[in-house]
Amino acid sequence: MTLPPTPGSHIRAEIARQPGSWARAVLLAADLQDRLPRSGESVAVIGCGTSWFMASSYAALRESRGQGRTDAFAASELPMDRDYDRVVAISRSGTTTEVLRAIETVASPVLAITAVAGTPVPEAASDAVVLDFADERSVVQTLFATTTLCLLRAGLGEPLEPVIEQTERVLAGVPAVPTALATAGQISFLGSGWAYGVAQEAALKLREAAQLWTEAYLQMEYRHGPIAIAEPGRAVWVLGRPVVGLLDDIAATGATIVDDDLDPLADLVRAQLLAADRAERAALDPDQPRHLTRSVVLADS
C-alpha cells in the first residue's frame, strides 16, 4: 500500500528518519538526567497541537510510573494560579506565540524542548534542550514530536530499543496497514492512558495531511456515543491493548478494525505513513496542507 515519495515531498523522508533520531534521543537523555524532570517534582507540560498531544502522553506516562504529579495543558490554557516545581514547554519552531506567552507569565522554572536554537521560546525559558537533529521541512510534524516523546520516555527509564526495532519493521511494511484503510471514509483512533495522546496525534496527521475525517477517543469512552458512527466503509484503530469486549462491540458495527501488538508510538508511524499515502492519492501536498503554517505566530494584543 505504501507509495513512493512524490517529487519535492519531505514528510516521507522525515518519517523514515525516526528510528535513528529516537536512538540519538535515548543517548541524549542519559546526559540530561539532571535537567529533565526529577522524580517527585510536580510538573506541567505544555504545547500546541501535536506538541500538546506529546505532552499529554508524557504526563500520563510519568504519573503511571509514580514519578510525581504531571499535568498537560494546551499552552493557552495553562492555569497561572497553580504552583509547579517545573514547567516543560514543547515547541518545534521555538516561535509559537501561546507557548511563549505562557513561559513569560509562569513563575516556575521552564525547560523548553525545541528544534531551533536562538528562537524566542528557548531564549525565554530557564533552560533549553535543542533537538536540531530532529528538525523538519514539512509543516506536518512527525519526526520532532516523536523524538521529543522518546527523549522524555527515556528520561523515565523506559527501554526504547524494542520500540525502535518495531518501527524499523513498520517502515519495511510489517505489519501492513489493512487495504481497507486506503479508501475508508472515516477513521476513529482509540487509546487508553498515555496512548490516548498518541491516538489524538494519529487522528491529527490524517486530518492535516489528507483532509480525512478522523476522531480520537479514550477506549472506554468510545461506546458512550461515538460508536454510533461506526459502519462498513469506516474504520476503528486501537492503539495499545484493547479493553475487554471492545473489539466485539466494534466488529458488530461492520467497521474495519485495526488492532496489533505494537507499541503505540510504533503504531503511530503506521498512521503517519497512511496519512502520506492518502494525501498523495488525493493529489494533496502532505508537506504544505491548506490553511496551515509551520508555526502559529499571533499579533500582540
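The values are calculated or read from the model by the stated rules, or taken from the named source; none is laboratory data. Remember, predicted model here, so these are calculated numbers, not experimental data. Quick reminder, even Gly has a Cβ in these numbers, built from the backbone with ideal geometry, and neighbours come from all protein chains shown. Just so you know, the surface numbers come from the protein's heavy atoms only, side chains and all, with ligands and any DNA or RNA stripped out. Shrake-Rupley method; radii C 1.70, N 1.55, O 1.52, S 1.80 Å.
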Exercise. Can you name every residue in the stretch 165-187 that is β-branched (Val, Ile, Thr) and open to solvent by 50 Å² or more (accessible area, probe 1.4 Å)?
Worked result: VAL174, THR179, THR183
Problem set entry | Residue within the stretch 261-268 that is within 25 Å of GLN18 (Cα to Cα), open to solvent by less than 10 Å² (accessible area, probe 1.4 Å), acidic (Asp, Glu) and modelled with pLDDT of 95 or more present | yes
Problem set entry | Count of the stretch 203-254 residues which are of a type in the set (Gly, Ala, Ser) and closer than 30 Å to SER138 by Cβ | 7
Problem set entry | Conditions (1) open to solvent by less than 30 Å² (accessible area, probe 1.4 Å); (2) aliphatic (A, V, I, L, M); (3) assigned to a loop (DSSP other than H, G, I, E, B): number failed by ALA271 | (3)
For this session: Would you confirm whether any residue within the stretch 241-260 is under 18 Å from the mean Cα position of the chain (by Cα) and either part of a helix (DSSP H, G or I) or of a type in the set (S, T, N, Q) (or both)?
Result: no
Seminar exercise, completed: Picking from ILE15, ILE90, the residue that is in contact with a strand residue (DSSP E or B) (Cβ under 9 Å, 6 or more places away or on another chain) and open to solvent by less than 30 Å² (accessible area, probe 1.4 Å) would be ILE90
Seminar exercise, completed: Across (1) open to solvent by less than 10 Å² (accessible area, probe 1.4 Å); (2) of a type outside the set (A, V, I, L, M, F, W, C); (3) over 30 Å from GLY66 (Cβ atoms), THR148 clears everything bar (3)
For this session: Could you grab me the full set of residues in the stretch 204-236 that are without any contact (Cβ under 8 Å) to a residue 60 or more places away in the chain, assigned to a helix (DSSP H, G or I), of a type in the set (A, V, I, L, M) and open to solvent by less than 50 Å² (accessible area, probe 1.4 Å)?
Result: ILE227, ILE229
For this session: Consider ALA195 carefully, then state whether it is within 27 Å of GLU41 (Cα to Cα), touching a residue at least 24 places away in the same chain (Cβ under 8 Å) and either crowded, with 18+ Cβ neighbours inside 10 Å or touching a Gly at 6+ places or on another chain (Cβ under 6 Å) (or both).
Result: yes
Exercise. Are any residues in the stretch 22-55 open to solvent by 30 Å² or more (accessible area, probe 1.4 Å), touching a residue at least 12 places away in the same chain (Cβ under 8 Å) and in a helix (DSSP H, G or I), and if so, which ones?
Worked result: ALA23, ARG24, VAL26, LEU28, ALA30, TRP52
Exercise. Which strands (runs of 3 or more DSSP E) does the stretch 64-164 wholly contain that include 1 or more residues that are under 19 Å from ARG38 (Cα atoms) and not aliphatic (A, V, I, L, M)?
Worked result: 70-74, 86-91, 127-130
Problem set entry | Subset of the stretch 68-108 (residues that are of a type in the set (Lys, Arg) and within 20 Å of the chain's Cα centre (by Cα)) | ARG92
